[in-house]
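Below you'll find the structure, written out as structure tokens, and then a few comments.
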Amino acid sequence: MEFEQQLEVIKSAKVLMVGAGGIGCELLKTLALSGFQDIHIIDMDTIEVSNLNRQFLFRQSHVGQSKAKVARDAVLRFRPNINITPYHANVKGPEFNIDFFKQFNVVLNGLDNLDARRHVNRLCLAAGVPLVESGTTGFLGQVTVHVKGKTECYECQPKPTPKSYPVCTITSTPSKFVHCIVWAKDLLFAKLFGDKNQGNDLNTRSSDGASSSDNAEDAFERRAGEDSEHYGRRIYDHVFGYNIEMALGNEEAWKNRDRPKPIYSGDVLPEKLSYQNGNVEDCPNGDPSSVSAMASLGLKNPQDIWSLRENTRVFLEAFKLFFGKREKEIGNLIFDKDDQLAVELVTAAANIRAASFGIPLHSLFEAKGIAGNIVHAVATTNAIIAGLIVIEAIKVLRGETNKYRMTYCLEHPARKMLLMPVEPFEPNKSCYVCSETPLSLEVNTRRSKLRDFVDKIVKSKLGMNLPIIMHGSTLLYEVGDDLEEDEVANYTANLEKVLAELPSPVTSGSVLKVEDLQQEFTCNINVKHRENFDKEKEPDGMLLSGWTEIPTPEKENDSSLGKEEIVSTPYQTASLGTENDDLEIIPAGVDIVPGGTKRKLSDISNATTSSSAGVLDVTVNSQKPEVIDDDNDVVVMIDGGNLNANKKKKMLE
Amino acid sequence: MENEELTEQETALYDRQIRVWGVDAQRRLSKSHILVSGVSGTIIEFCKNIVLAGVGSLTLMDDRMVTVDAISANFLFPPDEDMFRGKSLAEVCCDALKDFNPMVHVSVQKGDLSSFDGDFYDKFSAVVVNCCSLPTKRLINEKCRKRPKRIAFYTLDCRDSCGEIFIDLQNYIYEQKKLDGTVECQLQYPSFETLVELGKLGVNSNLALSCSIPLDLVCESVTESTKEPDLVTLPVHPARYVLIFEESKWIFGCVNFDGVSAPRRSTLRVFLYSPFSCQEAVAVHWSTLPRKVSKVYFGMRDCMSLIRVVIEKFEEAEGRKAGETSIADLPSILKLKKELCQAESFNEYHIPDSLLQRLLMGTMEHPPVCAIIGGILGQEVIKAISGKGDPLKNFFFFDAMDGKGIIEDIGSTNTEPEQP
């Protein structure tokens, strides 16, 4: 009955869905079944095989096609009389401007990355369109409602930003497998096969200066007429042997650490590579992506953990195959989790390095998950979350403000609830996105360049797409297609200047105005000069505040469930455009209550706290909020409740 | 467990979910066989989920012929009569589901599930029953329970904005993950029969009577305990009680002939069981529940179950199939309700006409609710088969009106109540 009453408002609604992936497929289906007649859907991705276990609108035959378009066609088959408008495009594209957003009654997000979520949030705020936001990972999920002025915006709560590791942990003192993966992927792989002009810290060691690097540079060049196995062994011995020997020379570094052990290919694998099953020639010709070292070595199961010897064989074989079968691509390769040979090489290299540092080895399957920032995903959670999105969307359309809920889908019940509705927060009065509170930035104005500020703060932290930076009335930086040549040259020159030496010098006390016209979003930043920064703790060399970042302790690696730590590094660009679906923040059980804001459990009945309920509250409180994000944003799971040591959790009656 | 490796195709397709539940679980899934009886929008959601997850086989039963508006919340077949003329619901769904995952064997079994012999069930790892009457559910649950091998049993009901799942995994042992490794965990599920006998879903002589009365009223017939002045003891009574105290304490007590102590001046809800109910009822322990959750849950369950009694009684008397009632039947149903309540000396107030009306009118499934209930059930079946994760015990309720998805452990005979 309730449902029938809703039909009128549903039929006349025009909705925008952003994302046609895991949540998107389920959402589009549920919207169509619920009677929605005018649905627009944006997704820039194409379909991949690993989508098919949950993105049920897609079939094997659709691999490579636009998700938005195929999803539309699939839904029209069972609901032929509704309008679905697909856009195979990036939501950050200029065509999706404020006017575009204004035509919708509600926007529903089924996105997979923080960057796009923030972009849509800002457009919705600017256009005054309500947003229903969602995310899932594994069995966890959440749905939140963001209506300007009524509830918090997506960015009122600080979001965890990509995890970065200090360079020396990666280059010299790895202690976790993930450090080895980052080393193998972002340093070794990039050095061997990537753009030679990119800076690379592979040979940077905390101890030695630039003196040895000239000599080291040579080690990576292939000598005239050198056999590829010989070349591979030389690289192997250099990075796993020689470099470790050099590092050992720095006694200071190993006082409180286990000393790594140099590994030489001749010791592990004295004989030449041999093939158990088939050989290189058996590899199917034509498609270079099907070249595989595992296949030529007869290794079948990606779940197996290879021995040091096997890793050595895979490393040498993969190396050989790159030079034998994919030589043309060398110099332009970027690590891609769907590139089998690249994953094999990175797995083997990470494992050999792990062996050297006494870190447990991992299977190719696990290594791929870590290297590719793969988020785990199942159909059921996406279906549940999509159902919840539609329920909230209908409330939004009916203007039932007091009924809005954020709902958490939990893996373990809290207060006997598996689906836990919570009243939405009020807008955060000091949110730099939906209020006009200025931020403050501590930075060494005599050392940091405008480029550092643009990359590390404006793009990475503030999530701006097309920024304009102003100091007083002086334009310091701007991007756009309609700029004059001299303007471009001027801004490019500014990028390389330190802040204090800009045409309008930025020093302690300066106020910078940063604006994104597409997002219609402006914020002011008060600059404060600071001389020194801790390289380990503040790798950016600057500190933005007024917008607290959630601390990001690493979660325990939970190998039996195959969870992965998700990493991104300073070397990674902000958006790799990986396929990963879904997710974001889930306080399991309870919510984080920042100063003054109140989040209520929705069952507000009378106020007595019974003894048994008291016990349960304790249990709930000891549950750890799990803050999760995916993609190149990071996954953080806090496994001890320590996150909230300084934050108060509260359940209101 | 067989140690066959997954094929390359399986590894590629299931990559993301193997990262959730592991390769062993995936292997177990691919060897499982699921039977589903009764097709509805929620069941279609469920089937989609388990077919995508990669179970070994799915067998569908539903001989009803397809009509254009057979299932409002269906995304498997187009609203085109030519496409399904002369086909049963199970057949049409089977064809569509096959397409979702070529590695899953989807088939149709004709006939009425309750007429099959026990050994028919031996082929299956899990049985999901939907769109049928309470007696049929009991019958099938009992048949499953009598088989030598454990068959996971589920029932599913969705009406309007509400949905409910019942789970019977019998005696279920699994590895529970703790922070410091795994521990073996054992769960004992009560059967549907037990629950019915408990009276909560009962009919006729086993009908549970629920009423809220201030304890002060009860106290008139209660002997006060001298030792503990704050407690009262209920008199010995031929019936048995399950007590729910409100106000400062919220305790589910189990009462038998010996009476029980209860705080005075509490509001007391008493469930009276007839002396004829089964032995097991006596042994029931009720876990302590947080009051707010229980309140919501009981609000819903009381109404749902009592209403179901009324509706099912009506269907039985009229020779209707489950779910075949509509708003047109409201006057007759209200009349029946009155008679039933009088016969059982039960306050009509507890079966509000408005809810009866809502459930009768809202026979249409609510697609978002279908997605949610179908998702939870899918997850549960996957957990039970794969042995990964804590399964729900033993009821799940969702109501879109308040947005809560609540788990209740009802009628367990062997779990110690949690200490408040």
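Just so it is clear, none of the values below were taken in a lab; they were calculated from the coordinates. Please read all numbers here as calculations on a predicted model, not as lab measurements. Here Cβ is always computed from backbone atoms with ideal geometry, including for glycine, and neighbour counts include all displayed protein chains.
Numbers below:
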quantity	calculated
Per-residue average of Cβ from other chains inside 10 Å of A:372-379	6
Nearest-20 debye value, the stretch A:439-545 charge dipole, Cβ charges on Lys, Arg, Asp, Glu	680 debye
The stretch B:1-119: mean projected area of Cα convex hull, nm²	8.6 nm²
Net charge, residue A:431 excluded, C-beta distance under 10 Å - Lys, Arg +1, Asp, Glu -1	-2
Shielding by partners - mean other protein chain Cβ count within 10 Å, residues of B:393-406	5
Convex hull volume per residue for the stretch A:439-545, taking Cα atoms only, in Å³	92 Å³
Per-residue mean of C-beta atoms belonging to partner chains within 10 Å, peptide B:171-184	1
Ranked list, fewest to most other Cβ atoms within 10 Å of each Cβ, for A:527, A:167, A:314	A:167, A:527, A:314
Within the stretch A:1-146: Cβ-based charge dipole about Cα centre, in debye rounded to nearest 20 (Lys, Arg +1; Asp, Glu -1)	200 debye
Low-density loop cleavage sites - trypsin sites (Lys or Arg not before Pro) in the stretch A:407-458, where at most 13 other Cβ are within 10 Å (DSSP)	A:429, A:446
